[in-house]
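Q: Just passing along the structure, written as structure tokens.
The values are calculated or read from the model by the stated rules, or taken from the named source; none is laboratory data. Only a predicted model underlies this, so the values are computations on that prediction, with no experimental measurement involved. A quick note on method: Cβ atoms are made from the backbone with ideal geometry, for glycine too, and the neighbour counts reach across all protein chains shown. Note: accessible area is taken over every heavy atom of the protein model, side chains too, but ligands, DNA and RNA are not part of it. Shrake-Rupley method; radii C 1.70, N 1.55, O 1.52, S 1.80 Å.
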Amino acid sequence: MTVKILCVAVILLLASLAALICGNVLLALGATKLTAIGSGGGAFLGVGGLGMLILGYLLPAS
């Protein structure tokens with residue numbers, strides 16, 4: 001159970017990092033703040049959702 005909790009924390013950290021990078025890149029390319037925030041949120045949901053699906057497949061509930 002501890003391994004699964006640690007994996008969830010790592011997935012959320014990676015999703016936050018992906019969202020931050022996505023938002024900063026879009027701002028650097030000249031996008032509006034609203035567009036950058038929306039795309040960062042989409043990146044967070046995408047990476048987090050995919051990570052949780054993979055985690056559920058690799059470490060199923062016992």
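Residue by residue, here is whether (1) under 13 Å from the mean Cα position of the chain (by Cα); (2) part of a helix (DSSP H, G or I); (3) surrounded by 15 or more Cβ atoms within 10 Å (Cβ to Cβ); (4) at pLDDT below 95 holds:
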{"position": "Ile5", "(1), (2), (3), (4)": "no, yes, no, yes"}
{"position": "Leu14", "(1), (2), (3), (4)": "yes, yes, no, no"}
{"position": "Leu17", "(1), (2), (3), (4)": "yes, yes, no, no"}
{"position": "Leu34", "(1), (2), (3), (4)": "no, yes, no, no"}
{"position": "Leu45", "(1), (2), (3), (4)": "yes, yes, no, no"}
{"position": "Leu50", "(1), (2), (3), (4)": "yes, yes, no, no"}
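Q: Return the residues of the stretch 19-32 that are part of a helix (DSSP H, G or I) and either open to solvent by less than 30 Å² (accessible area, probe 1.4 Å) or among the aliphatic types (A, V, I, L, M) (or both); say none if nothing qualifies.
A: Ala19, Leu20, Ile21, Gly23, Val25, Leu26, Leu27, Ala28
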